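First the structure, in the form of structure tokens, and then the observations on it.
Readers should treat all values here as calculations from the given coordinates under stated rules, not as data from a laboratory. Fair warning: this is a prediction, and the values are worked out from it, not measured in the lab. We place every Cβ from the backbone using ideal geometry, glycine too, and count neighbours over all the protein chains shown.
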Amino acid sequence: MENASRPDRPYFRPHISNFISATRHTNSTLLIVQISDIHVGPEFREETYQRGVEEINALRPDVLLVTGDLTENGLLAQYERAAELMKGFECRSKLYTSGNHDYRNTGYLLFRHFFPSNPIFHKEGLTVTTVSTARPERNDGEAGHRQIVWAEKALRRERGFKLVMMHHHLVPVPDTGPNTIPILDAGDVLRSFDRSRPDLVVCGHRHRPWRWVLNGMPIIHAGSFSSERLRGFFSNSYNVIKIDRSGFKAWLKIVGGPRLEFKKIASGASGLSNLPSGG
């Protein structure tokens, strides 16, 4: 497994030509923003959230990916507040997947009502496939055999740029403690992806931004967009992904701070430089 310390460079697969073909009569660049782990509840930082919304709206992304844990405890009032907050984003294409916190207290009955989203989304040569890993009243994740088979078949059919979004982490992330809440069938998911070859997988869950490259497949983890609970990287952040004719480029943006390449995060950037000095 290659890690994020390798120099950042566009990621290329032969079928990127299909993305070029699909976009030849349009703007051939797509901008995607990924936010994760908002956690509306006791640990929610509303001022940080609102500043992040302003920054993202200024970017004018084509697609906004929300990779789970919009709420802290899956409560109705938290869902209502989260839905109201999400209206602040001006992006018309918002895609959601649920997190383990969203499924607490029977919140799984509320998620689809407040955040409906199709499992497959197409836009100008881009396909986003959502793999749901949250399970009711559990912190660990599971894709399940049927969904794994479905996702592999769906990804094999696609010929543009193939992006997969999910909540739980496929591979352990540094600085997050014991790996006790993974995707239980991560091995089966990874084998399926190795066969169907997505161009990029994005995850959330651990509140720790990171990037792995496994058998040539990049996996990007988002930090928390607006929760006080941070691990290893001590600023709230979001990910920005630019897809063009050469592949894709991804970087992290600190809310209210600078943007960082993932290689800098792997080499020790902790997000502390954005915070007031202590003592």
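Quick one: Asp102, Asp188, Asp175, fewest Cβ neighbours within 10 Å first, how do they rank? Could you put the intermediate results ahead of the total?
Working: Asp102 30, Asp188 17, Asp175 13.
With the sparsest Cβ surroundings first, the list reads Asp175, Asp188, Asp102.
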(message) Can you compute log10 of I(q)/I(0) for the range 23-76 with the Debye formula, treating each Cα as one identical point scatterer, at q = 0.31 Å⁻¹?
(response) -1.21
(request) Scan [x] 6, 27, 34, 24, 8, 1; [y] 7, 31, 39, 20, 3, 0; [z] 6, 28, 32, 20, 10, 3, 0 for the value of P(r) over Cα pairs in 10 Å bins from 0, in percent calculated from this model and give just the label. (result) [y]
(message) Explain nothing, just the number: dipole magnitude of the range 2-262 about its Cα centre with +1 on each Lys and Arg Cβ and -1 on each Asp and Glu Cβ, in debye rounded to the nearest 20.
(response) 960
(message) Cross-link candidates for Lys253: which lysines have Cα within less than 29 Å, leaving aside residues fewer than 8 places away along the same chain?
(response) Lys87, Lys94, Lys123, Lys162, Lys242, Lys263, Lys264
(message) Once R0 is set to 41 Å, what does the formula 1/(1 + (r/R0)^6) return for the Cβ-Cβ distance between Asn215 and Ala83, expressed as a FRET efficiency to the nearest 0.05?
(response) 0.60
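Using the 10 angstrom Cβ neighbour count as an exposure proxy, how do His101, His205 rank, fewest first?
Ascending Cβ contact count within 10 Å gives the list His101, His205.
What ranking do Lys123, Lys87 get, fewest neighbouring Cβ atoms within 10 angstrom at the top? Don't skip to the answer; put the middle values down first.
Working: Lys123 16, Lys87 9.
Placing the least packed residue first, the sequence is Lys87, Lys123.
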